[in-house]
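The values are calculated or read from the model by the stated rules, or taken from the named source; none is laboratory data. Just so it is clear, the structure is predicted and the values come from calculations on it, not from any experiment. Glycine also receives a Cβ, built like all others from the backbone with ideal geometry; neighbour counts cover every protein chain displayed. Note: areas computed on protein heavy atoms with side chains; ligands, DNA, RNA excluded. Shrake-Rupley method; radii C 1.70, N 1.55, O 1.52, S 1.80 Å.
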Amino acid sequence: MADHSHLRQGTFVWGSGRRLPGRAAAACAALLLALTACGTGGGDDAAGGEGASLTVLAAASLTDAFEVLGERYERERPGADLTFSFAGSQELAAQVTQGVPADVLVTADTETMDGLAGRTEEPVVIARNELALVTPPDDPGGVRGLADLADPGLRLVLAAPEVPAGRYGQRVLDAAGIEAAADSQEPSVRAVLSKVRLGEADAGLVYATDAVAAGDDVRTVPLPEEHNIVATYPAAALTGSQHPDEARDFVAWLGSDTARAALADAGFGLP
């Protein structure tokens, strides 16, 4: 994220201590009022327009893409400051329900977003994704495809059922007619990816974009198209936002050419 410097309001001292002539005194007073207005007006500017600070709650699978997006948005909106909070969509939904201060929500499924009706403005789909099967680079479990996930000796890690990636993963297994027992169920898809990268699991189901982000740290096994799913990412301004105009602006900006290019570079499909 871009480095932000903060200006401290200056204190002006007229060093002579002498009384100024009436006309000069009036001019100086006007100057001081103007300087004071400039100094104190920064707070109002920061609360609106290009200077707003926004908190964006985003699905964990968006981490890499949104870090790039944040830098580009701040370059295009001088004075803007974005703070991202990445987690499983179900955790983000819980934060919104509990009233945690935030301005924008982006989930990895429409189901979670729809469950927050009344707490968000109209959602807009900004990206799509698919699942991929990943293993450690040396493939200790000998995984060649989905069928191998039924091996009871395989250390399989999946996202928990309440996590969008967990629901998607179960749909993929059901579509392929595979009964697989996970050795652990994680709170986010990034936690699944981490276990595979660290060699703590023989295989895991993650988003295709997570596999791309991991690079050579994992081995990717593409899923058959007929068994895969399409994950949809909606974004919405939160009705409780303290900066509603700026929150709407960021959601709209996510559909810009700049944002779409960054999402595509990260491996996301575009609506």
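Values as computed for the structure displayed
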quantity	calculated
Surface share of carbon and sulfur [accessible, 1.4 angstrom probe, percent] for the range 75-146	48
Solvent-accessible area of SER61 with every protein chain in place, 1.4 Å probe, in Å² to the nearest 10	10
The range 182-235: radius of gyration and largest Cα-Cα distance (Dmax), Å	11.8, 34
Values of log10 I(q)/I(0), in the order q = 0.13 Å⁻¹, for the range 107-166 under a Debye, Cα-only, solvent-free model	-0.54
Rounded, prolate or oblate (a/c below 1.5 giving rounded, otherwise prolate when a/b exceeds b/c) for the range 54-138 by Cα gyration tensor	oblate
Heavy atoms of ASP183 accessible to a 1.4 Å probe, total area in Å² rounded to 10	100
Solvent exposure, largest accessible area first (probe 1.4 Å, DNA, RNA and ligands not counted), of THR232, THR97	THR97, THR232
Rg to Rh quotient for the range 126-271, alpha carbon positions, Kirkwood Rh	1.04
Protection proxy ranking, peptides 110-121, 194-205, average beta carbon neighbours within 10 Å, highest first	194-205, 110-121
Peptides 242-250, 154-162 ordered by average Cβ neighbours within 10 Å, highest first	154-162, 242-250
